[in-house]
Amino acid sequence: MTLFIGASLVALAVVLFILQPVVKGLHASLERDEFELTDTEARKRVALLALRDVEYDFLAEKLDEHDYRSLKAELTAEALAALEADEQAQSGAGADEDELEAEIAAIRAGLGAGSVCDACGFSNEVGSRFCASCGQAVAAEAAG
Amino acid sequence: MTILGEFALWIALPVAAWGMALGFMGGRTQRGDLVLSAERGIYAVFFLLILASLGVGAAFLGDKFEYWYVASYSNRELELFYKITGLWAGQRGSLLFWALILAFFSSICVFQNRHKNREFMPYVAGVLQGVLLFFIVVLLFAEVNPFERLAFTPVNGQGLNPQLQNYWMTIHPPTLYLGFTSFTIPFAFAVAALLNGRLDARWIQLTRRWILTSWLFLSVGIIFGMRWAYEELGWGGYWFWDPVENASLLPWLTATAFLHSIQIQESRGMLRVWNMSLVLMTFLLTIFATFLTRSGLIESVHSFAQELKIAYIFLGFMGTILAGCIVLILYRLPKLQSENRIESFLSRESAFLFNNLMLLGFAFAVFWGTIFPLVAEWVTGEKISVGPPFFEKVNFPIGLVLLALAGIGPVIAWRRATKRNLRKNFIIPISVLLAVGTALWFSGARHPLALVTWSICAFVLTIIGIEFWKGTRARARIEGEGYALAFMHLVARNRRRWGGYIVHVAMVMIYFAFAGAAYNVDERFHMLPGDVVEVTSPFGHTYSLTYEGLTVSLGKGDRNLLWQAIAAVSVQQNGKQKPLMTTEKRMYVTGDLPMTEVAIRSTIREDLYLILSALDDMEGAVNADANAQGIDLQVLIKPFVGWIWFGGLMLAIGTFVALWPSVDRRRVALEARSDAAAEPAMAGAAD
């Protein structure tokens, strides 16, 4: 008898526990919490982490100066684009993935077009006035 | 209590089914009430499985032999400790225990994510409930119900297999189960990502801790198993390429591959399909491991029973999961395209890819060797067994390449490495490799496999040592810190990197120990009391072993012991007295053959391992016949074997370093928002 009562109580408790949300209309959130990383934030983080890794690889002498500078320039461009996209997303403008890709592509193109050093051919960071590799003055770039 | 437990198992069935259905429905219709109900279902299943497990425990403690499971794995004389661990001593209990641990991890996962990652959780809950449901169905319908009653109540049970009455055996299976089951969580997140279409690296970031935890348990579980085999099986080996050992190694190999390849997805957005496939493969292999152990299809020292029904259920489940996941991956293929390409053959990415191919090659060889006997028997009708020579031939070269990669990978830069830099970075390690190789050769250690392995070990250690040194020096220079502080900060700032390197050091230690097996000494002697034999260690010193005599004690059925014959051997190393060693034969009430207890004397250099292989006259010895003292003694010297266990410890330390939470993520997220615009490089360093 006690066994029967015990078993019934267990069954009843379990059923009530799992049915309560449906019957009473209790809802679990299905939305992203504001503290969580958004896609653009995640992208930003990845870009920044990649920058950190390049810094480290250079310090640990795995990269030479030339590769370091060109990689850093590329990654900075990606990071900047990601940052901008993130800010837009936060201000509600909502940069979707395609826009972000397009922006990165534009900045990369800008890097290639505008900041290549005439003297040594090195790709400089956006906005550079002098070449990071040879120190020659760089022509004003097209995109920024 | 036991009846209540059985009842709880039956209630868990509809609850899990309900939870699974509501999880998927709630995700599809985005209804929060359904999802909440599904999530509560997980807690409920956990609660019910606790009741069921307590039920089994109560049956063991109360010697309720009317239950088949208790009657088969316990008896009145069994020690209390082994009665408590009876839950996972046999097939039926282990399956329940497995489900219990899975429910435990599932509950933790649901609780952790009650306010976050909500887009994933409906499907995560659905998948977890699905897997739980499967195990409950197996328990109830595959003729493996631990609550099955016998038609009569035996006076006493059959007792526990003496080989399982060992400390390591009580912690080895649970540790492995922890590893197997916790991998269900990353799998659930992967499926959820496929279903909700959020296929960026987030599902990986969310489950990184779970993946590492699972990997840690798998690694430690495997090492515990080796330790058990080494101590208990009594022939001095720790790995047999036994089907069940292989089965536990398989998910470890693919999980290791996964741990490396997710880094590429996180940092470069590549290999998405590959990572999905690896997580699926690893999950299926954890189920396959259960299947192999629990179905008894392949003969092995571990297999519990020859039950086919359960085999079909397992195969059906694995087939369904495989098919379902392939369909999902194909459906999401457009979204799974890579963002980037590998820029250069000489890059960390391609080193990781190569590592993945090697690990998978290794896994495939092990898999094939394990199931080949089954396939062969099915095709030709003859039993064929695949022994260690096959596995060793195939896996030693792959293993060595993997070891070398553990050193090469860290030195190669991401994206593209420059040859000149590579040359610069490899000069010292390669010189060390050659120097160590030459030194070994001239010191007489010329066994090719050992020579190559130890040289590569030196190479990898040098590289990792230099990495730590360079990082510390750079940090000390930039931050103006002392070296000790700089070292601490270095590790703290990027725990993943340095934790990973520590694990690489652990692997070097383990390989170092494996290669020591090339110099094993194995000698057998027939001895009478007072006889002295000498055995020379590969390190040059000599052990002289004196057989002091045999002591026989008759157990009174206590701990199921009938009798115990203890051979005492006194040891002198180069004339210096060492502690007495004893090796035994034990006869249990529950066994037909006497079991051997070995004697092990461990030092950092080598283990001295004594086996009482045989008694000249067992009957005489038991009857205290003074003339029945002759024994066969097997003496093994096993260089470096202790380094496996040190390596295991190091591996755990490294994984803990990588696992340790660095900074509160919410704070980072908030701070990143405010700081990011001003100081991009600094904000990223907070991971």
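The values are calculated or read from the model by the stated rules, or taken from the named source; none is laboratory data. All of these numbers come straight from a predicted model, not from anything done at the bench. Here Cβ is always computed from backbone atoms with ideal geometry, including for glycine, and neighbour counts include all displayed protein chains.
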Discussion item. Looking at B:Ala58 and the list (1) surrounded by fewer than 22 Cβ atoms within 10 Å (Cβ to Cβ); (2) aliphatic (A, V, I, L, M); (3) closer than 26 Å to B:Leu206 by Cβ, which single condition is not satisfied?
Written reply: (3)
Fill in: Residue in the stretch B:55-66 that is of a type in the set (Phe, Trp, Tyr), more than 18 Å from B:Val131 (Cβ to Cβ) and in contact (Cβ under 8 Å) with a residue 60 or more places away in the chain present
yes
Worksheet entry | Breaking point among (1) modelled with pLDDT of 90 or more; (2) under 20 Å from B:Phe656 (Cβ atoms); (3) out of contact with any Leu (no Cβ under 8 Å at 6 or more places or on another chain); (4) of a type outside the set (Val, Ile, Thr), for B:Leu249 | (2)
Discussion item. Test of understanding: among B:Ala38, B:Ala44, B:Ala59, which residue is closer than 16 Å to B:Ala188 by Cβ and either small (Gly, Ala, Ser) or touching a Gly at 6+ places or on another chain (Cβ under 9 Å) (or both)?
Written reply: B:Ala38
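Per-residue answers, yes or no, for (1) surrounded by 23 or more Cβ atoms within 10 Å (Cβ to Cβ); (2) away from every other protein chain (no Cβ under 14 Å):
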site	(1), (2)
B:Leu160	yes, yes
B:Leu164	no, yes
B:Ile171	no, yes
B:Gly179	yes, yes
B:Ala192	yes, no
B:Ala201	yes, no
B:Gln205	no, no
B:Leu212	no, yes
Item to complete: Working only within the stretch B:445-490, note down all residues that are buried (at least 19 other Cβ atoms within 10 Å of the Cβ) and in contact (Cβ under 8 Å) with a residue 60 or more places away in the chain.
Response: B:Ala450, B:Thr453, B:Trp454
Response to the item:
Note on the stretch A:55-74: residues at the interface with chain B (Cβ under 7 Å from one of its Cβ atoms) and in contact with a Phe, Trp or Tyr (Cβ under 7 Å, 6 or more places away or on another chain) are A:Asp57
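Where in the stretch B:1-111 are the helices (runs of 4 or more DSSP H), entirely inside, with at least 2 residues that are at pLDDT below 95 and within 25 Å of B:Pro122 (Cβ to Cβ)?
On the way: elements: B:2-29, B:32-61, B:68-73, B:80-84.
Once the helices (runs of 4 or more DSSP H) in the stretch B:1-111 are filtered for at least 2 residues that are at pLDDT below 95 and within 25 Å of B:Pro122 (Cβ to Cβ), what remains is B:2-29, B:32-61.
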Item to complete: Select from the stretch B:388-427 the residues that are in contact (Cβ under 8 Å) with a residue 24 or more places away in the chain and loosely packed, with under 11 Cβ neighbours inside 10 Å and list them in ascending order.
Response: B:Lys419
Practice prompt. Within the stretch B:514-541, work out how many residues are surrounded by fewer than 21 Cβ atoms within 10 Å (Cβ to Cβ) and farther than 30 Å from B:Ile566 by Cα.
Written response: 1
Fill in: Enumeration of residues in the stretch B:64-95 that are of a type in the set (Asp, Glu) and surrounded by 18 or more Cβ atoms within 10 Å (Cβ to Cβ)
B:Glu77
Fill in: Failed item in (1) more than 10 Å from chain A (Cβ to nearest Cβ); (2) within 17 Å of B:Phe104 (Cα to Cα); (3) buried (at least 24 other Cβ atoms within 10 Å of the Cβ), with B:Ile50 passing the rest
(3)
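Residue-by-condition table, conditions (1) assigned to a helix (DSSP H, G or I); (2) modelled with pLDDT under 80; (3) surrounded by 20 or more Cβ atoms within 10 Å (Cβ to Cβ):
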{"site": "A:Glu36", "(1), (2), (3)": "no, yes, no"}
{"site": "A:Glu41", "(1), (2), (3)": "yes, yes, yes"}
{"site": "A:Lys44", "(1), (2), (3)": "yes, yes, yes"}
{"site": "A:Glu61", "(1), (2), (3)": "no, yes, no"}
{"site": "A:Asp67", "(1), (2), (3)": "yes, yes, yes"}
{"site": "A:Leu75", "(1), (2), (3)": "yes, no, yes"}
{"site": "A:Glu78", "(1), (2), (3)": "yes, yes, yes"}
{"site": "A:Leu83", "(1), (2), (3)": "yes, yes, yes"}
{"site": "A:Asp86", "(1), (2), (3)": "yes, yes, yes"}
Fill in: Every residue from the stretch B:462-478 that is more than 11 Å from every other protein chain (Cβ to nearest Cβ) and out of contact with any Phe, Trp or Tyr (no Cβ under 9 Å at 6 or more places or on another chain)
B:Thr462, B:Gly465
Discussion item. Could you check the stretch B:193-240 and list, in sequence order, the residues that are in a loop (DSSP other than H, G, I, E, B) and under 14 Å from the mean Cα position of the chain (by Cα)?
Written reply: B:Tyr238, B:Trp239
Response to the item:
Conditions (1) modelled with pLDDT of 80 or more; (2) within 14 Å of chain A (Cβ to nearest Cβ) -> B:Asn421 fails only (1)
Worksheet item: Which of (1) within 13 Å of chain A (Cβ to nearest Cβ); (2) in contact with a His (Cβ under 6 Å, 6 or more places away or on another chain); (3) among the hydrophobic types (A, V, I, L, M, F, W, C) does B:Ile427 not meet, given it meets every other one?
Response: (2)
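For the stretch B:500-524, which positions are of a type in the set (Val, Ile, Thr) and touching a Leu at 6+ places or on another chain (Cβ under 6 Å)?
As a first pass, look at the stretch B:500-524 and keep what is of a type in the set (Val, Ile, Thr): B:502-503, B:505, B:508, B:510, B:521.
Scanning the stretch B:500-524 gives B:Val503, B:Val508.
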